[in-house]
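Student: Sharing a structure below in structure tokens format, with a few things to ask.
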Amino acid sequence: MTNQTPEEGNINPKDGSQKSDRVSKHQAKMLLAMARNSIGERLKRPTDEIEPGVGDASFLEQKQGVFVTLHKQGRLRGCIGNIEPVKSIRDGIAENAVHAAFRDTRFAPLSEDEFDHIDIEVSLLSVPVPLDFKDSGELTERLIPGRHGVILEHGGCRSTFLPQVWEQLPRPEDFLSHLCTKAGLPASAWKDRPITVYTYEVQSFGELG
């Protein structure tokens with residue numbers, strides 16, 4: 001994990017999650033247009049971007065975790081991001097949009113024919129914070145389905161799920177088991193191995209609304 005210490009006043013004492021300033025509708029549309037144009041430029045299909053408004057310049061230069069997710073006909077078509085706030089929002093959107101389209105190894109690079117058929121979603125992450133728990137039972141109780149993004153670590157293995165994944169895996173036990181598998185660990189590792197868990201929240205917005 002990047003050594004980040006969230007401001008104490010921004011942390012929810014009940015679950016350790018950090019709050020972020022809300023993104024305006026104009027800013028959401030601007031980021032989605034930026035992501036689409038970044039992909040379009042690689043396909044020689046540049047699209048119109050939305051001009052930043054008053055105050056947007058400083059917003060775009062803020063360092064924040066960013067994920068860009070692509071869907072095609074309701075199915076995942078690519079998802080890449082950075083968890084820690086090591087890049088500006090502007091750079092994170094541009095780079096992760098291109099990586100989601102062309103460098104997600106689970107999929108073939110996006111083709112020009114597909115460009116008009118993808119839907120883009122952007123997620124801005126709060127700074128991850130450690131989640132304290134005594135055992136696996138307390139871990140499942142402290143996770144908040146639909147709200148918490150989760151990072152799981154054990155040894156050199158690490159994986160994360162955005163909060164949107166709760167829609168497919170609503171039970172904490174299933175969520176954690178799949179997260180372990182994604183990290184290359186046995187599905188039961190969250191129950192019988194010493195793991196470290198961080199949680200974060202996201203503001204997500206997509207072209208479909």
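What follows is calculated from the coordinates using simple rules that are stated; it is not laboratory data. It should be emphasised that the depicted structure is a prediction, and the values quoted were computed from it without experimental measurement. Note that each Cβ is placed from the backbone with ideal geometry, even for glycine, and that neighbours are counted across all protein chains shown.
Student: Rounding to the nearest 20 debye, state how big the charge dipole of the chain is about its Cα centre with +1 on each Lys and Arg Cβ and -1 on each Asp and Glu Cβ.
Tutor: 320
Student: Could you work out the relative contact order of region 129-202? I mean the mean sequence separation of Cα pairs under 8 Å and 6+ apart, divided by the number of residues, in percent.
Tutor: 41
Student: Can I ask one more? In the structure displayed, which of LYS87/LYS182; LYS63/LYS134; LYS25/LYS87; LYS25/LYS63; LYS29/LYS72 lie more than 28 Å apart, Cα to Cα? Intermediate values should be presented prior to the final figure.
Tutor: Details: LYS87/LYS182 25 Å; LYS63/LYS134 33 Å; LYS25/LYS87 22 Å; LYS25/LYS63 20 Å; LYS29/LYS72 19 Å.
In this structure, LYS63/LYS134 lie more than 28 Å apart at Cα.
Student: Then there's this: Just going by the charge dipole of region 103-203, with Lys and Arg at +1 and Asp and Glu at -1 on Cβ, which of ILE144, HIS154, VAL165 is farthest out on the positive end?
Tutor: Value: HIS154.
Student: What residues have an amide H closer than 5 Å to that of VAL66, excluding those fewer than 5 places away on the same chain, when H is modeled at 1.01 Å from N in the peptide plane?
Tutor: Residues meeting the amide H criterion: ASN82, LEU125.
Student: Given points 7 Å out from each Cα along the Cα-Cβ axis, report the CYS157 to THR196 separation in nanometres with one decimal.
Tutor: Reported label-point gap for CYS157 and THR196 is 1.6 nm.
Student: While we're here: Using just the helices of the chain, give the 222 nm mean residue ellipticity in deg cm²/dmol: DSSP H runs with n ≥ 4 each add -39,500 (n - 2.57), and the total is spread over all residues, rounded to 500.
Tutor: Using -39500 (n - 2.57) per qualifying helix, the result is -8500 deg cm²/dmol.
Student: Could you tell me the relative contact order of the chain? Use alpha-carbon pairs under 8 Å, at least six residues apart, and round to a whole percent.
Tutor: Details: 371 pairs, mean separation 44.3, N = 209.
Normalised by residue count, the contact order of the chain is 21 percent.
Student: Between the alpha-carbon centers of region 150-205 and region 48-70, tell me the distance in whole angstrom.
Tutor: Between the Cα centre of region 150-205 and that of region 48-70, the gap is 28 Å.
Student: Where nothing but the Cβ of Lys and Arg (+1) and of Asp and Glu (-1) is charged, how large is the charge dipole of region 129-202 around its Cα centre, in debye to the nearest 20?
Tutor: 160
Student: Could you work out the relative contact order of region 20-125, using alpha carbon pairs under 8 angstrom and six or more residues apart, expressed as a whole percent?
Tutor: 30
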